[in-house]
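As structure tokens, the structure follows; a few thoughts come after it.
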Amino acid sequence: MSDNPRFIMIGGFLGAGKTTTIARLAHHYQSLGKRVGIVTNDQATDLVDTNLLRSQGFDVGEVAGSCFCCNFNELTSTMERLGETQLPEIVIAEPVGSCTDLVATVIRPLQSIYSQPFDIAPYGVILKPSHGLKILKGSSKGGFSPQAEYIFRKQIEEADFVLINRIDELSQAAVDELASLLELHFPGTPCLRISASSGEGFEAFCEHLNLTGAFGGKVMDVDYDVYAEGEAELGWLNAQADLKSPTPIALDDFIMTLLDRINLCLNEHAAEVAHLKVIGMADGQYAVANLVSSSSAPKLSIGSGLKTSSANLVINARVACAPDSLTKTIEDTLHAVCLEFGVTEKMNTLQSFRPGRPVPTHRMSGTES
């Protein structure tokens with residue numbers, strides 16, 4: 001391995017567990033004495049992921065308002081701002097969960113256009129079990145349109161290796177079935193099994209990332225019309241609110257109740273959840289709750305054990321429904337839960353939209369000089 005910074009990009013569909021995986025990976029490299037920088041990415045601002053990673057003490061840059069591929073120059077500028085005087089030894093990038101074609105639009109341009117030479121690690125994509133099993137089995141009840149499923153499959157197609165995440169939550173039979181389906185649909189692509197939350201399988205994952213060679217070479221044919229339709233199926237919402245209560249409330253209970261009620265409401269409208277993430281922050285502590293599919297139960301990913309009279313709430317929602325409908329669901333449900341808990345809410349920011357058509361800054365098929 002050379003003295004150049006190591007670029008590690010971890011892809012995967014919305015709700016696959018990228019942020020938890022990246023946080024554990026960053027801790028691993030820090031434990032080895034490496035300088036680590038992280039770049040998060042989203043179509044909107046006010047990211048739960050950025051707040052969460054920074055709260056753990058990481059040096060985090062953010063490319064907000066567009067994906068890495070459509071704002072390549074902002075990606076490189078953000079990386080340059082990491083660290084006070086020099087690039088970190090390890091740069092970990094987390095792309096938008098609805099993006100694909102990242103080898104041609106991010107990795108290849110980094111190798112061929114950007115002036116700073118990087119060591120490119122094998123490109124890993126995290127498989128999301130809850131939707132992956134349905135999509136790879138060809139279930140008619142996969143939850144998403146064929147266009148959105150197209151993105152899911154393309155993400156795996158371009159991966160140097162695939163990570164089956166959340167093995168601590170799955171039966172051995174389910175993990176084996178996912179591995180068999182991956183081999184059937186993407187023969188020859190290495191498959192690793194991990195739990196980002198418990199750390200199981202992480203040693204093999206880190207060893208795989210240390211491999212050297214010509215990685216990021218799977219440039220695909222991509223139908224950008226289908227790709228754009230798949231992204232546009234999802235309504236995106238990011239919101240921040242202040243909560244105040246005359247008496248302390250249990251922050252963990254509040255965010256879990258909120259997430260559960262939002263899920264119930266979305267299910268009533270047959271709106272499939274790609275990812276819903278809520279973080280409550282107060283007194284330097286935080287609680288995080290996730291929902292990764294409509295058929296899953298909300299999970300308290302990080303508990304705070306905190307009782308507080310004031311908190312900041314951040315909500316990120318990616319759901320297969322119209323943005324105005326998603327906005328109404330979030331606002332109405334938040335207000336109802338606040339009344340139940342005796343809390344007054346003040347919405348500071350709220351943005352909801354459908355992603356526009358992806359237009360990469362660069363797209364390199366591998367034939368360019």
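What to note about this one:
- Dipole orientation for the range 149-275: of the candidates PRO187, PRO248, ASN267, PRO248 has the Cα lying most toward the positive pole (charges on Cβ; Lys, Arg +1; Asp, Glu -1).
- Taken over the alpha carbons of the chain as equal point scatterers, the Debye sum produces base-10 log I(q)/I(0) values at 0.08, 0.14 Å⁻¹ of -0.38, -1.22.
- Computed over the range 145-202: relative contact order in percent, which uses C-alpha pairs under 8 Å that are six or more apart: 39
- Taking Cα centre as origin and charging only the Cβ of basic (Lys, Arg, +1) and acidic (Asp, Glu, -1) residues, the dipole magnitude of the chain rounds to 180 debye.
- Between the range 97-147 and the range 196-263, the Cα center-to-center distance that results, in Å: 13
- More than 16 Å apart - percent of Cα-Cα pairs taken over the range 22-82: 45
- Mean separation of Cα pairs under 8 Å and 6 or more residues apart, divided by the residue count, gives the range 234-353 a relative contact order of 45 percent.
- Net +/- balance of residues flanking ALA16 in space, Cβ distance below 10 Å, scoring K and R +1, D and E -1: +3
- Over all other residues within a Cβ to Cβ distance under 10 Å of ASN4, the charged ones net out to -2, with Lys and Arg as +1 and Asp and Glu as -1.
- From phi via Karplus (6.51, -1.76, 1.60), per-residue ³J(HN,Hα) for the range 330-345 in Hz, x at Gly/Pro: 5, 5, 5, 5, 4, 4, 5, 5, 4, 4, 4, 8, x, 10, 9, 10
- The mean sequence distance of close C-alpha pairs (under 8 Å, at least 6 residues apart), as a share of the length of the range 6-231, puts its relative contact order at 25 percent.
- As a size descriptor, the averaged projected area of the C-alpha convex hull of the range 188-286 was calculated at 11.6 nm².
- Orientation-averaged projection of the range 234-353 equals 6.3 nm² [convex hull of Cα atoms, one quarter of hull surface area].
- Counting only the Cα atoms, the range 73-175 fills a convex hull of 135 Å³ per residue.
- Applying Stokes-Einstein at 20 °C and 1.002 mPa s to the Kirkwood radius of the range 56-118, computed over alpha-carbon pairs, gives a translational diffusion coefficient of 172 µm² s⁻¹.
- Computed over neighbours whose Cβ is under 13 Å from that of LEU291, the net charge equals +3, Lys and Arg +1, Asp and Glu -1.
- P(r) weight above 17 Å for the range 160-234, C-alpha pairs, percent: 60
- With N counted as the residues of the range 230-287, its alpha-carbon radius of gyration over 2.2 N^0.38 Å works out to 1.36.
- Partners for LYS154 among lysines (Cα-Cα distance below 22 Å; same-chain residues under 8 apart left out): LYS18, LYS128, LYS134, LYS137, LYS141, LYS218
- In plain terms, the C-alpha convex hull of the range 1-136 casts an average shadow of 8.5 nm² when viewed from every direction.
- Gyration tensor over alpha-carbon atoms, the range 13-55, equivalent ellipsoid semi-axes in Å: 21, 12, 8
Bear in mind these aren't lab numbers, they're just calculated from the coordinates by the rules spelled out. These numbers were taken from a predicted model, which means no experiment stands behind them. Heads up, the Cβs are rebuilt from the backbone with ideal geometry, glycines too, and the neighbour counts pull from every protein chain shown.
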